[in-house]
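Since the structure comes first, as structure tokens, the remarks are kept for the end.
The values are calculated or read from the model by the stated rules, or taken from the named source; none is laboratory data. Just so it is clear, the model here is predicted, and its values are computed rather than measured. Reconstructed Cβ throughout: ideal geometry from the backbone, glycine too, with neighbour counts over all protein chains shown. Ligands, DNA and RNA are excluded from the accessible area calculation, which covers all protein heavy atoms including side chains. Shrake-Rupley method; radii C 1.70, N 1.55, O 1.52, S 1.80 Å.
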Amino acid sequence: MSFIVQSAKILGKNLAELKFQAVLFGRDALYLEGAAPVKIDENEMIFKVYGSVVTVTGEKLAIKDLAGDCAAIVGAINGFSVKDL
């Protein structure tokens, strides 16, 4: 069972209720599901998620993998924020 599915189950939610999922691995990597890239640069990345915008800030940020609505981001992450639209 995936980490995200297991976490949703523990929280009493199903994945449809969770509009997007984000897993931060320390300050070195971020895995984001349910997101579409809007801005990609080495200091700031912005993603549109269902009804919100996710902003990731840091230094030397890079997309390690981008497939469908999933992104794997690496670099020195120093900020993560979600703003409702």
**OP:** Quick one: what are the phi-derived ³J(HN,Hα) couplings along region 68-83, Karplus 6.51/-1.76/1.60 with θ = phi - 60°, whole Hz, x for glycine and proline?
**Re:** x, 9, 10, 9, 10, 10, 10, x, 8, 7, 10, x, 9, 9, 10, 10
Subject >> For the chain, accessible area per residue (1.4 Å probe, heavy atoms of protein chains only), Å² >> reply: 64 Å²
**OP:** Could you work out the relative contact order of the chain, using alpha carbon pairs under 8 angstrom and six or more residues apart, expressed as a whole percent?
**Re:** 24 percent
Subject >> Calculated on alpha-carbon atoms, Rg and Dmax of the chain in Å >> reply: 12.6, 36
Subject >> For PHE80, residues with placed amide H under 5 Å, excluding near neighbours >> reply: THR57
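So which chymotrypsin sites (Phe, Trp or Tyr not before Pro) in region 18-61 are both in a DSSP loop and have at most 12 other Cβ atoms within 10 Å of their Cβ?
When the chymotrypsin sites (Phe, Trp or Tyr not before Pro) of region 18-61 are filtered for loop state and at most 12 Cβ neighbours within 10 Å, TYR50 remain.
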Original post:
Where does each of LEU32, LEU18, LEU11 land when they are ordered by accessible area, with a 1.4 Å probe and the largest first?
Top reply: LEU11, LEU18, LEU32
**OP:** Pop out the ³J(HN,Hα) list for region 52-59 in order, Karplus 6.51 cos²θ - 1.76 cosθ + 1.60 with θ = phi - 60°, rounded to Hz; leave Gly and Pro as x.
**Re:** 8, 10, 9, 10, 10, 10, x, 10
Original post:
Which order do VAL56, VAL82 take by accessible area at a 1.4 Å probe, largest first?
Top reply: VAL82, VAL56
Original post:
Please identify the GluC sites (Glu not before Pro) of the chain that satisfy two criteria: DSSP loop assignment and at most 14 other Cβ atoms within 10 Å. Which are they?
Top reply: GLU17, GLU42
